[in-house]
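These notes concern the structure reproduced below.
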Amino acid sequence: YLQEKIDGANVSIWLVDGELKCGSRTRDLILAGDDFNGFVSYVSAHEGIMSFLRENPDLRLYGEWLVRHTVAYNETAYKQFYLFDIYQQEEKFYLPQSEVVRFAEDYGINYAPIFAKGNFCVAEVDEIAGKSHFGDKGEGLVIKPVSPFTNQFGDNVYAKYVTTEFKEDNAVVF
């Protein structure tokens with residue numbers, strides 16, 4: 001899969017004993033009393049997300065909360081959650097992307113856009129990188145295998161391809 005790498009805030013959503021939990025990359029937002037730029041309120045009011053969690057309490061949603069960072073997107077894209085992974089918490093594995101897409105469609109949850117699926121050469125990746133479904137340009141791509149791949153530590157492994165322009169805009173050396 002060649003999936004759009006969205007320039008937002010990495011977040012997760014799950015239930016503990018039937019209670020909603022929302023997290024940023026480093027903390028439990030509900031415990032901290034932080035609405036995280038509207039994220040917790042958005043999730044609480046999203047019928048599809050809440051239904052999904054109630055019906056699948058052992059699954060955790062991972063995605064991007066789209067807020068303004070470096071890349072300028074269309075205004076209508078901001079303040080929305082874009083799902084990119086689902087984790088089975090008890091059995092400790094990520095669902096295949098085909099299941100993530102199916103759940104997103106079934107429950108009306110935005111999904112990080114997929115540009116293409118299959119095998120790709122570097123030239124094809126270069127051609128797609130920097131495009132965006134949300135504006136004139138994007139941050140880059142996340143390259144995912146069709147079936148989840150885990151390393152020797154049990155971590156899900158993807159490749160991230162960030163455009164030169166994005167690196168320059170952020171003065172980041174990759």
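The values are calculated or read from the model by the stated rules, or taken from the named source; none is laboratory data. None of the values given here were measured: they were computed from a predicted structure. Quick reminder, even Gly has a Cβ in these numbers, built from the backbone with ideal geometry, and neighbours come from all protein chains shown. All accessible areas refer to the heavy atoms of the entire protein, side chains included, with ligands and DNA or RNA removed. Shrake-Rupley method; radii C 1.70, N 1.55, O 1.52, S 1.80 Å.
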Scanning the stretch 17-37 residue by residue, those more than 20 Å from Phe103 (Cα to Cα) and either of a type in the set (Val, Ile, Thr) or open to solvent by less than 30 Å² (accessible area, probe 1.4 Å) (or both) turn out to be Gly23, Ser24, Thr26, Leu29, Ile30
How many residues of the stretch 47-103 are in contact with a strand residue (DSSP E or B) (Cβ under 9 Å, 6 or more places away or on another chain), of a type in the set (Val, Ile, Thr), outside any loop (DSSP other than H, G, I, E, B) and open to solvent by 10 Å² or more (accessible area, probe 1.4 Å)? The answer is 1
Checking Tyr78 against (1) farther than 29 Å from Gln152 by Cα; (2) aromatic (Phe, Trp, Tyr); (3) touching a residue at least 40 places away in the same chain (Cβ under 8 Å), only one condition comes out false. Which one?
(3)
Yes or no: Val40 open to solvent by less than 40 Å² (accessible area, probe 1.4 Å), modelled with pLDDT of 95 or more and under 18 Å from Val146 (Cα atoms)?
no
Looking only at the stretch 125-133, decide whether some residue is modelled with pLDDT under 90, part of a loop (DSSP other than H, G, I, E, B) and either surrounded by 13 or more Cβ atoms within 10 Å (Cβ to Cβ) or not basic (Lys, Arg) (or both).
yes
Kindly check whether there is at least one residue in the stretch 123-142 that is in contact with a Ser or Thr (Cβ under 9 Å, 6 or more places away or on another chain) and charged (D, E, K, R).
yes
Top-ranked residue of the stretch 106-124 - restricted to ones that are loosely packed, with under 14 Cβ neighbours inside 10 Å and in a helix (DSSP H, G or I), ranked as modelled with the highest pLDDT
Asp106
Could you tell me whether the stretch 43-58 includes any residue that is closer than 27 Å to Tyr161 by Cβ and either modelled with pLDDT of 95 or more or among the basic types (Lys, Arg) (or both)?
no
Among the residues of the stretch 150-171, write down those that are open to solvent by 70 Å² or more (accessible area, probe 1.4 Å) and over 17 Å from the mean Cα position of the chain (by Cα).
Thr150, Gln152, Phe153, Thr164, Glu165, Glu168, Asp169, Ala171
Taking first residues from the stretch 121-148 that are free of Cβ contacts under 8 Å to residues at least 40 places away in the same chain and second residues anywhere that are among the basic types (Lys, Arg), the pairs with Cβ under 7 Å that are 6 or more apart or on different chains are Gly130/Lys137
